[in-house]
């Protein structure tokens, strides 16, 4: 998928995403994470849930957000599919997420992702463009 | 970064800037060039800047870029002034290896290798999202977390001798299940007895070469013997414990009063509330991993009974040893001539205790602790023994495996057009796997040469070669 790039990393997997604003950035980061797990084009959402995440800065907020998205897969077998971030500040966000429940017949799992790490995590704004980098433990 | 060659196996990073001590990396002339190009040396230096570090920040020859601490890193900290860090242990707490050896040789099994491969693949749950056959009630789960291997054996899934041949007898006694989050407990409920994915595997092998006959005899190994190696860890439960405590310690990092060069080095003072809580939660995950490997061994034994129509006495598959390679331990070491309790972090490193050490299993105390170093998929593995030199130089530690050299993306690119399973089959190695990308990402070229890694630790004297094993069947998730 073209909305994110994979960074070559010896032991783990890194992603870089970009967005016009913070909400788009965070939404894309979450979808990139899901696309690392399974082909997002095969997902069809049903069940909806609202999540609220906090962090002490944007970087921390991003990591906590992605940790939650990953937990919902690893712990509850739910792939976040449609994401609407309806509230966001530098230290908190609230999102309504429609999930696809994992179906082994339909969804091929590409890999295991153990965790989203803090290592080299970055959220920066350059001119009018936001970008983020996250490294995952696979 | 300045790197000074000390001898043919040791390089040092001098203490500069924020470092509290120097760094030492075990390597050789050829591998050190690749190490220099990676971030791993920077990470050894970053670890050296953490408070309370005792002795040098160490890198084993299989060192590679991790997150925060390098993989293949060892660091010990003073109990009063030092820190404990989940990143210094790894997400897969007590990822480790166990080796067992049977009273069988190749002629006994070679006509049924395909059956054995298929049966292991069918009966050992592996791959992403796999669930175990043993569903745990909350009460039983807490027992597993407190007791480790012992609980599994008590259910009839193993032998008492298995326990004494496991590092720490398969149980860290300070485990406290109440320190685990609901999420960690939930993830652990259905995963006991599962292999996992990525570089986890079950491998049937053969003892190819004996380097030290007396030690091999003592470990119960003979040339041509059929072996079984299991590489797995604490599964989702362990990952969640690490994740939870990194977040807790990250939130508390301002209290620490020093700057962390990398957020992934989030840590707490060992004797702080957070530090104690992490250590006790980590112990739960470690016990879960030992229970996991014990159950996997039991299932594998059952597969052998079935495929070869023999009973336990004829198979006689004894556990040689089980080692962890992602752990933090509170151990007594001699530092500047004095005995001292320190907290040793081994992230992608194995304990290497010598003959005579009280923590070495009684059966092996005259030889030294067995060390199990798995090669990557399709290459040889090694059995070594611990040495006094390791106690002097590396807090009783050595390497853990081959270490990656290619990223997963580079490995996949390099493997395009190659049928990795066919290449292995041509070498007489049967492979069974589930993941679409696993085989290419895990191909031999993606890893350092295990023999070279082992030659470094042997040459440096921090562990000694005992035997080499070659693979026959590999099952991966």
- request: Kindly indicate the residue of the stretch B:251-298 that is modelled with pLDDT under 95 and in a helix (DSSP H, G or I) and also nearest to residue B:121 (Cα to Cα) among those meeting that condition.
  value: B:264
- line: Flagged in the stretch B:120-135 as away from chain A (no Cβ under 14 Å) and in contact (Cβ under 8 Å) with a residue 12 or more places away in the chain, in numbering order, are B:120, B:121, B:123, B:124, B:132, B:133, B:134, B:135
- line: Only unsatisfied item for residue B:254, checking (1) closer than 30 Å to residue B:382 by Cα; (2) within 14 Å of another protein chain (Cβ to nearest Cβ); (3) surrounded by fewer than 24 Cβ atoms within 10 Å (Cβ to Cβ), is (1)
- request: Determine if the stretch B:181-192 includes at least one residue that is more than 14 Å from every other protein chain (Cβ to nearest Cβ) and under 18 Å from residue B:295 (Cα atoms).
  value: yes
- prompt: Within the bounds of the stretch B:458-465, is there any residue that is modelled with pLDDT under 95 and part of a loop (DSSP other than H, G, I, E, B)?
  reply: no
message: For the stretch B:136-167, give me each residue that is without any contact (Cβ under 8 Å) to a residue 40 or more places away in the chain and at positive phi.
response: B:156
field: Lone qualifier among B:149, B:138, B:178 - being more than 30 Å from residue B:443 (Cα to Cα), in contact with a strand residue (DSSP E or B) (Cβ under 7 Å, 6 or more places away or on another chain) and more than 14 Å from every other protein chain (Cβ to nearest Cβ)
entry: B:149
query: Are any residues in the stretch B:233-247 out of contact with any helix residue (DSSP H, G or I) (no Cβ under 6 Å at 6 or more places or on another chain) and either under 16 Å from residue B:277 (Cβ atoms) or more than 11 Å from chain A (Cβ to nearest Cβ) (or both), and if so, which ones?
result: B:243, B:244, B:247
message: Of the residues A:114, A:125, A:110, only one is over 15 Å from the mean Cα position of the chain (by Cα) and crowded, with 16+ Cβ neighbours inside 10 Å; which?
response: A:110
- prompt: Among the residues of the stretch A:25-40, is there at least one that is buried (at least 16 other Cβ atoms within 10 Å of the Cβ), under 15 Å from residue A:83 (Cβ atoms), modelled with pLDDT of 95 or more and more than 14 Å from the chain's Cα centre (by Cα)?
  reply: no
message: It is to be established whether one or more residues within the stretch A:63-80 are within 26 Å of residue B:185 (Cβ to Cβ), more than 14 Å from chain B (Cβ to nearest Cβ) and either at pLDDT 95 or above or not in a loop (DSSP other than H, G, I, E, B) (or both).
response: yes
- prompt: Would you say residue A:104 is without any contact (Cβ under 8 Å) to a residue 40 or more places away in the chain, over 17 Å from residue A:7 (Cβ atoms) and surrounded by fewer than 22 Cβ atoms within 10 Å (Cβ to Cβ)?
  reply: yes
- request: Taking only the stretch A:59-69 into account, find how many residues are closer than 19 Å to residue A:84 by Cβ and more than 8 Å from the chain's Cα centre (by Cα).
  value: 4
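This table checks each residue for (1) within 14 Å of chain A (Cβ to nearest Cβ); (2) within 22 Å of the chain's Cα centre (by Cα); (3) modelled with pLDDT of 70 or more.
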{"residue": "B:391", "(1), (2), (3)": "no, yes, yes"}
{"residue": "B:410", "(1), (2), (3)": "yes, no, yes"}
{"residue": "B:427", "(1), (2), (3)": "no, no, yes"}
{"residue": "B:436", "(1), (2), (3)": "yes, no, no"}
{"residue": "B:439", "(1), (2), (3)": "yes, yes, no"}
Extreme residue, nearest to the other protein chains (Cβ to nearest Cβ), among residues of the stretch A:98-116 that are closer than 21 Å to residue A:25 by Cα and either part of a loop (DSSP other than H, G, I, E, B) or in contact with a helix residue (DSSP H, G or I) (Cβ under 8 Å, 6 or more places away or on another chain) (or both): A:115
- request: Could you tell me whether any residue of the stretch B:214-231 is within 12 Å of another protein chain (Cβ to nearest Cβ), in contact with a strand residue (DSSP E or B) (Cβ under 8 Å, 6 or more places away or on another chain) and more than 30 Å from residue B:18 (Cα to Cα)?
  value: no
field: One residue from B:144, B:152, B:128 being modelled with pLDDT under 95 and crowded, with 19+ Cβ neighbours inside 10 Å
entry: B:128
statement: Of the residues in the stretch B:158-174, those that are within 19 Å of residue B:322 (Cα to Cα) and outside any helix (DSSP H, G or I) number 7
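The values are calculated or read from the model by the stated rules, or taken from the named source; none is laboratory data. Predicted model only: the values in this text are computed from it and were never measured. Please note: Cβ atoms are built from the backbone with ideal geometry, for glycine as well, and neighbour counts cover all protein chains shown.
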